[in-house]
Amino acid sequence: IMIVLIGGYYLYLSNRNAPEEEETETFTLTQEALTRDLERSYPPSPKEVLKYYNDLTMCFYNEEHEAEELAELARQARRLYDDELLANQTEEQYIQMLAEDVASYQEEETVISSYSVSNSVDVEYYDRDGYEWAKLYCIVTLRKGTQLGSTQEDFLLRKDADGHWKIYGWIVSPKDAVEDTLNEG
């Protein structure tokens with residue numbers, strides 16, 4: 001009887017201290033992107049700024065959004081833009097044009113498959129007009145059905161007064177037009 005009591009007490013103690021399984025919250029890419037506080041943890045390099053910008057871009061085009069969530073993503077992306085780029089368009093215009101562009105991608109069933117930012121050694125730094133500049137590229141792969149196409153976007157970033165690299169502008173390399181590669185298939 002004593003052995004059974006000791007064995008039972010041992011089982012009770014070992015099961016009593018078993019940690020309960022914690023529920024892990026899974027966030028969508030959009031929720032993860034929106035939780036980043038750019039006031040406290042702004043990307044430290046041009047490459048990191050571009051990576052975060054492309055994460056936001058993938059959220060725009062690859063996930064379903066309510067209008068307010070898309071607007072919040074747009075505001076987060078605009079925090080990465082240089083003041084001169086921001087001056088070209090109001091926030092409302094930007095959000096409206098973005099929503100139209102996202103709807104167009106969804107109608108055509110086109111998604112961003114992946115992106116690749118240039119290596120750190122490929123970032124071209126220079127000084128001009130009292131500012132520090134960085135020039136780098138990003139290769140974006142799009143998928144439309146089973147067809148893949150890629151394009152290269154060349155970005156120019158400028159360091160602001162707070163020491164943050166901001167996107168000054170970008171162009172799609174003419175030789176890498178995505179429409180041509182997606183429509184050839």
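The values are calculated or read from the model by the stated rules, or taken from the named source; none is laboratory data. Computed from a predicted structure; not experimentally measured. Here the Cβ is made from the backbone with ideal geometry for all residues, glycine too, and neighbour counts use every protein chain on show. Only protein heavy atoms, including side chains, enter the accessible area calculation; ligands, DNA and RNA are left aside. Shrake-Rupley method; radii C 1.70, N 1.55, O 1.52, S 1.80 Å.
Given the options L156, V111, Y61, identify the residue whose Cα lies farthest towards the positive end of the charge dipole of the chain (+1 on Cβ of Lys, Arg; -1 on Cβ of Asp, Glu).
Going by the charge dipole, the pick is L156.
Rounded to the nearest 500 deg cm²/dmol, what is the calculated helix-only ellipticity per residue at 222 nm for the chain, with -39500 (n - 2.57) per DSSP H run of length n ≥ 4?
Working: 7 runs with 79 residues, N = 185.
The helix contribution divided over the chain gives -13000 deg cm²/dmol.
Using a 1.4 Å probe over the heavy atoms of the protein chains, calculate the carbon and sulfur portion of the accessible area of the stretch 1-143 as a whole percent. Mind showing how you got there, number by number?
Numbers: 4820 of 9830 Å².
Solvent-exposed carbon and sulfur of the stretch 1-143 make up 49 percent of the total.
Accessible area per residue, 1.4 Å probe, Å², for the chain: what's the number?
Ligands and nucleic acids excluded, the result is 67 Å² per residue.
Shape verdict for the stretch 63-157, please, from the Cα gyration tensor: rounded (a/c under 1.5), prolate (a/b greater than b/c) or oblate. Before the final figure, lay out each step's value.
Details: a/c = 2.82, a/b = 1.25, b/c = 2.25.
Because a/c hits 1.5 or more and a/b fails to exceed b/c, the stretch 63-157 counts as oblate.
Can you tell me the order of 55-65, 144-154, 31-41 when each peptide is scored by its average per-residue count of other Cβ atoms within 10 angstrom, highest first? Present the calculation step by step, with values, prior to reporting the outcome.
Numbers: 55-65: 17.7, 144-154: 15.4, 31-41: 11.7.
Top of the packing list down: 55-65, 144-154, 31-41.
Place +1 on the Cβ of every Lys and Arg and -1 on the Cβ of every Asp and Glu in the chain, take the dipole about the Cα centre, and give the residue among L50, A77, V123 whose Cα lies farthest towards its positive end.
V123
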